[in-house]
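*Asks:* Here you go, one structure.
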Amino acid sequence: MQLHAYDSSRSYKEKVKFYHDKKLIKRVFTLGQQVLLFNSRLKLFPGKLKSKWSGPFVIKRVYPNRAVELETSDKDNQQRSWVVNGQRLKHYLGGEVEQFSMVLMLVDP
């Protein structure tokens, strides 16, 4: 009876793994493509309003182990690049990113 239960659970796990792997989308990144970076270390202001995706960044180099080198330009027109895991990226489909800021002037009543 134990052997039958063991075989049954093993076949169930294989079916679930096959179904899960079938739903995964393979992401292929190319040079010069724009991507968004998932920031999993964002703990300063937890909440729904803070986006965990930052970017867009431009891909500078793709390594064979699915690591990707990203590049961005700072305000001083300096090029900055670093290597990240390719699983933390997703394709950026939008146009120019608009940065909004609001200034509130408080006065005493």
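The values are calculated or read from the model by the stated rules, or taken from the named source; none is laboratory data. Values in this document were obtained by computation on a predicted structure and should not be read as measured data.
*Asks:* Any idea which of (1) under 26 Å from I25 (Cα atoms); (2) modelled with pLDDT of 70 or more; (3) among the β-branched types (V, I, T) is the one V103 doesn't satisfy?
*Replies:* Of (1) under 26 Å from I25 (Cα atoms); (2) modelled with pLDDT of 70 or more; (3) among the β-branched types (V, I, T), only one is false for V103: (1).
*Asks:* Residue check: is Y12 modelled with pLDDT of 90 or more, within 17 Å of V84 (Cα to Cα) and aromatic (F, W, Y)?
*Replies:* no
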